[in-house]
Amino acid sequence: MRTNVYIDGFNLYYRMLRESPQFKWLDLRALSAELLKVQNQIQTVHYYTARISGRVDPSAPARRQIYLDALKTVGIDTDLGSLHLGSFLVTKPWAGLVHPPQMRGGTVPHFSPPFPAVAKVWKSEEKGSDVNLGSHLVRDAFQGKFDAAAVLSNDTDLVEPIRIVSEELGLPVGLLCPVSKPAGGLAKVACFVRHIRTQHLQASQFPDVIPGTAIFRPATWR
């Protein structure tokens, strides 16, 4: 069964990898094979992500590029149409404060009434991944590019694209779930659910040094 996999990179990162750097060196094709059945012949793994900002950690963009280079070795590449880069925005909007203000980390200053209503905050957000993923899933289904598909995300914005493919086109779409309990809307329209567990991440790591290359696991990802 020809199977395409569509991965929401930031959803995976924030749900499973952000607090577990030892799993960030993740071979997405191997992970897909760990989660799907033998009859799912994986054709293309589509990965939706963005280049990140170095505002908080100046070394982060370099690590990110190393990882993208590693993915190219398993066929996840912009030249092959399977690596899809959205945009990463860092802004400083005004945001409302809870009263009294709450702080964490470092020295907590003394607050006393009257409390400020708003403050400027750093806001980082990725744009384009969910829209691109949903659009490509529906397009590929209409063009007959797969017999089955799997979507790795817990973003409810993807409910309607999955429903169109599974219910209107009759092609099975499974959910590769990065949380213990998937969003109800996604679980309802998916034809099957596979939960990503620690053992799947452990079994799907790239070698520390990828054979035949000079690409190696970043030191902080060990």
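Laboratory data are not the source of any read-out in this text; all were calculated from the coordinates shown. Keep in mind that what you see is a predicted model, and the values were worked out from it rather than measured. Neighbour counts run over all protein chains shown; Cβ positions are idealised from the backbone, glycine included.
With 27 Å as the limit, write out which pairs from 145/181; 24/145; 24/188; 24/72; 72/188; 72/181 have Cα-Cα distances beyond it, or answer none.
145/181; 24/145; 24/188; 72/188; 72/181
Would you tally the net charge around residue 219, using a Cβ to Cβ cut-off of less than 11 Å, leaving residue 219 out, and scoring K and R as +1, D and E as -1? The partial results should precede the final answer.
Values: positive: 63, 217, 222; negative: 208.
Net local charge, residue 219 excluded: +2.
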What angle, in degrees between 0 and 90 and rounded to the nearest 10, separates the Cα long axis of helix 129-142 from the longest principal axis of the Cα atoms of the chain? 10
Exposure-ranked with fewest Cβ neighbours within 10 Å first, 34, 160, 168 stand as 168, 160, 34
Among residues other than residue 40 whose Cβ falls under 10 Å from its Cβ, what is the net charge (Lys/Arg +1, Asp/Glu -1)? +1
By count of other Cβ within 10 Å, fewest leading, how are 99, 136 ordered? 99, 136
If the only charges are +1 at each Lys and Arg Cβ and -1 at each Asp and Glu Cβ, what is the size of the charge dipole of the chain around the Cα centre, to the nearest 20 debye? 600
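With 10 angstrom as the radius, rank 79, 130, 208 by how many other C-beta atoms surround their C-beta, starting from the fewest.
Ordered from fewest to most neighbouring Cβ atoms within 10 Å, 79, 130, 208 come out as 79, 208, 130.
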Tell me, rounded to the nearest percent, the portion of alpha carbon pairs in the chain spaced more than 33 Å apart. 24
